[in-house]
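Remarks on the structure that follows.
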Amino acid sequence: MINVSGLTKRYGDRTAVDNLTFDVADSRVTGFVGPNGAGKSTTMRMMVGLTPPDAGEVRYNGVRYTDLKHPARMVGAVLDARCMHPGRTARNHLRAMAAMSDIPAGRVEQVLAEVGLESAVDQRAGGFSLGMRQRLALAGALLGDPQVLLLDEPSNGLDPDGIRWLRNHLSAFAVRGGTVFVSSHLIGELSLFADDLVVVGAGKLLAAETVEAITARQAVTVVAETPQPADLARVLAARDVTVEATGDRLVIRGTTKAAVSQLAFENGIRLVELSETAQSLEDSLLDMTGASAEFTSA
Amino acid sequence: MTTTIPTTTVPTINPPIPWAASNRLALRTRSDDTRAVPAALRSEWIKLASLRANKVILALTPLVGALIAWALASSATDKKLTASELFIFPLPLVAMLATATGILMFTSEAQHGTLAAALTARPTRWMIVTAKAAMATMVGLVLGATAMAAGFGGALLGGVEVGDESAIASRAAWALLYIALGAMIGLGVGMIARHSAGAISGLLMWAFVIESLFAPALPDGVVHFLPFSAGYRLLDAGPNFKAPVTIAHELARPEYALIFGGYALVSLAIGTLLLYRRDTN
């Protein structure tokens with residue numbers, strides 16, 4: 001398990017990460033979501049010791065990252081897929097990483113095969129596509145056979161095929177017993193394979209729940225069409241729901257389709273159309289983080 | 001040219017690796033950090049040896065040494081100059097090569113993001129700096145030795161005598177110290193600046209322009225302590241060698257070595273401190 005407690009980072013007057021506390025459970029995929037400038041990348045850098053926090057700490061099964069004798073065997077991090085020298089081959093890039101972590105050299109060929117880069121081992125990274133760079137970055141993270149994978153926006157720039165490959169790989173890693181902590185803007189994509197979500201905004205924790213719990217709170221909208229709109233609106237008003245009426249069409253929030261149908265029946269109101277739509281997970285999360293977004297569209 | 005690969009590969013799920021699983025949560029001790037320096041050195045060697053640019057520098061260095069010594073020997077009207085003196089004349093230029101290599105050992109990693117991978121693998125910053133400093137020293141020694149050997153041969157080809165052979169070992173040793181310290185100064189400056197072009201151009205400007213232009217106007221007591229003026233004095237080849245600056249009261253070579261070495265130590269110390277305090281992306 002990863003325990004993040006009281007993590008704080010300030011840059012001058014600006015607090016990038018503000019007393020962040022959450023846990024990442026073992027053998028699960030945890031999504032880390034938030035708008036631009038929410039502090040996700042800063043948090044991930046603090047989780048692997050690249051940025052010294054002003055307060056708080058991160059522990060992996062009770063041990064701080066900087067106290068680990070073999071950090072690469074506990075945590076594999078992919079924080080930026082472009083982090084490779086363009087003049088170095090894939091093999092030498094991984095050989096240098098393996099040597100630094102005292103990992104047997106034979107492991108290089110294994111991880112290259114695992115990510116499907118066997119045919120490009122002696123090609124310079126400068127000639128790689130973005131998808132290949134992403135795979136090489138993941139190979140580097142897998143060198144130490146870590147228990148935890150941390151990934152910061154790994155899908156950025158990938159085509160749908162690449163995104164699907166990455167999703168399958170991370171899911172397989174979690175199925176094997178690994179822990180995945182992945183930040184992404186692609187909330188819809190994340191919801192396909194994430195078990196839990198940690199939501200941040202303006203450096204603060206907004207939610208840390210399972211995807212099911214967040215989904216269950218999604219707002220429902222009922223649309224009813226009736227030749228008696230005023231009667232239906234009057235009946236609904238007494239039930240503490242919001243109603244927006246446009247001619248014969250009412251958009252109702254705060255109740256369910258079944259409840260509207262029952263009310264109409266009890267009050268002799270004829271309904272021509274009755275439908276229900278649930279708010280998407282993306283809309284739910286955007287509602288949650290909307291007030292803390294640094295940059296928003298008009 | 002960009003190569004693409006098929007994206008339809010199915011991820012394999014390999015069984016856990018015993019050497020990895022058995023000591024994932026082992027705690028780091030101080031002696032572990034010291035014992036990890038050889039691993040860091042191996043990594044630095046792989047990084048150095050795997051880039052074409054470094055191989056080009058290594059190949060060019062003896063060429064530069066031989067050409068400069070040959071040109072000086074060929075054009076010297078005063079044939080009292082000998083190969084045992086001329087072989088170190090190319091070294092100020094080679095020292096700049098070594099200094100630039102020291103800078104790039106850090107700035108290239110910082111700019112391409114591989115420094116983050118190194119620090120993630122080994123969060124103990126001083127160990128990374130130790131490995132880089134050792135590698136920078138080795139690079140300096142190799143560049144210096146090859147330049148001097150080629151310079152000796154180039155001088156002989158230029159038509160001068162061998163000269164006082166007994167002085168060669170001593171001059172070579174001081175020259176190697178000069179080059180190695182120059183490489184370490186480069187590493188320290190690179191760690192402070194974190195920008196290749198800025199660090200290299202700044203250092204070259206300081207060494208070749210500022211020190212050379214202003215040194216004659218400065219009191220002798222100040223000139224002793226300018227870094228490259230002090231370092232250059234380690235190359236004193238004897239009575240026929242004229243220093244680029246006029247120094248009324250010369251210090252002994254060990255004193256110049258301490259001054260030049262002091263700059264290397266201070267730049268590395270400041271660079272290491274910044275490495276601990278700065279964010280690494």
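Bear in mind that the values in this text are calculations on the coordinates, not laboratory data. Small disclaimer: the values here were computed from a predicted structure and weren't measured. All Cβ positions, glycine included, derive from the backbone under ideal geometry; neighbour counts span all protein chains shown.
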Self-check item: Spread of Cα-to-Cα distances over 20 Å intervals beginning at zero, given as percent, for the protein assembly as shown
Solution: 18, 39, 25, 13, 4, 1, 0
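Translational diffusion coefficient, Stokes-Einstein: compute it for segment A:22-73 using the Kirkwood radius over C-alpha pairs as Rh, at 4 °C and 1.567 mPa s, and state it as an integer in µm² s⁻¹. Walk me through the numbers on the way to the answer.
On the way: Rh = 12.5 Å.
D, rounded to a whole number, is 104 µm²/s.
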Exercise. Given the options A:Ile214, A:Ile163, A:Ile269, state which has the largest fluctuation in a GNM of chain A using a 10 Å cut-off (strictly under) for Cα springs.
Key: A:Ile269
Quiz item: Which lysines, on any chain, are close to B:Lys80 with Cα under 20 Å apart, when same-chain ones fewer than 8 places away are left out?
Solution: B:Lys242
Quiz item: So what is log10(I(q)/I(0)) for segment B:130-281 at q = 0.16 1/Å, when the Debye sum runs over its Cα atoms only?
Solution: -0.98
Practice problem: Report the FRET efficiency, 1/(1 + (r/R0)^6), for B:Ala167 and B:Phe225, where r is their Cβ-Cβ distance and R0 is 22 Å, rounded to 0.05. | Solution: 0.25
Self-check item: Local electrostatic count, A:Asp67, Cβ distance below 11 Å [Lys/Arg +1, Asp/Glu -1]
Solution: +2
Self-check item: Cβ-based charge dipole, the protein assembly as shown, positive-most Cα from B:Gly188, A:Pro52, A:Leu285
Solution: B:Gly188
Quiz prompt | Cα pair distances exceeding 22 angstrom across segment A:2-212, given as percent | solution = 48 percent
Quiz prompt | nm² value of the averaged projected area, convex hull over the Cα atoms of chain B | solution = 20.4 nm²
Quiz item: What whole-number value in cubic angstrom gives the convex hull volume per residue for the C-alpha atoms of segment A:220-278?
Solution: 63 Å³
Exercise. Assign one of three labels to segment B:88-136, namely rounded, prolate or oblate, based on the Cα gyration tensor with a ≥ b ≥ c the square roots of its eigenvalues; rounded applies when a/c is under 1.5, prolate when it is not and a/b is larger than b/c, and oblate otherwise.
Key: oblate
Quiz item: If you place +1 on the Cβ of every Lys and Arg, -1 on the Cβ of every Asp and Glu, and leave all else neutral, what size is the dipole of the protein assembly as shown about its Cα centre, to the nearest 20 Debye?
Solution: 1240 debye
Quiz item: What number, in percent, do you get for the relative contact order of segment A:220-278 if the mean sequence gap of Cα pairs under 8 Å and at least 6 apart is divided by its residue count?
Solution: 51 percent
Exercise. Any chance you could run the full-extension gain for A:Glu282 through A:His185? It's 0.36 nm times the residue separation minus the Cα-Cα distance, nm to one decimal.
Key: 33.9 nm
Quiz item: So what is the calculated 222 nm ellipticity per residue for the protein assembly as shown, using -39500 (n - 2.57) for each DSSP H run with n of 4 or more, over all residues, to the nearest 500 deg cm²/dmol?
Solution: -15500 deg cm²/dmol
Exercise. Before anything else, pin down the relative contact order of chain A: Cα pairs under 8 Å, at least 6 apart, normalised by residue count, whole percent.
Key: 22 percent
Exercise. Please turn the phi angles of segment B:259-276 into ³J(HN,Hα) values with the Karplus equation 6.51 cos²θ - 1.76 cosθ + 1.60 (θ = phi - 60°), one per residue in order, whole Hz, x for glycine and proline.
Key: 5, 5, x, x, 5, 4, 5, 5, 5, 5, 5, 5, x, 5, 4, 5, 5, 6
Quiz item: In peptide B:37-43, what is the residue-averaged number of other protein chain Cβ atoms found within 10 Å of each Cβ?
Solution: 4
Exercise. Take the alpha-carbon positions of segment A:141-298, form their convex hull, and give its projected area averaged over all directions (one quarter of the hull surface) in nm².
Key: 13.1 nm²
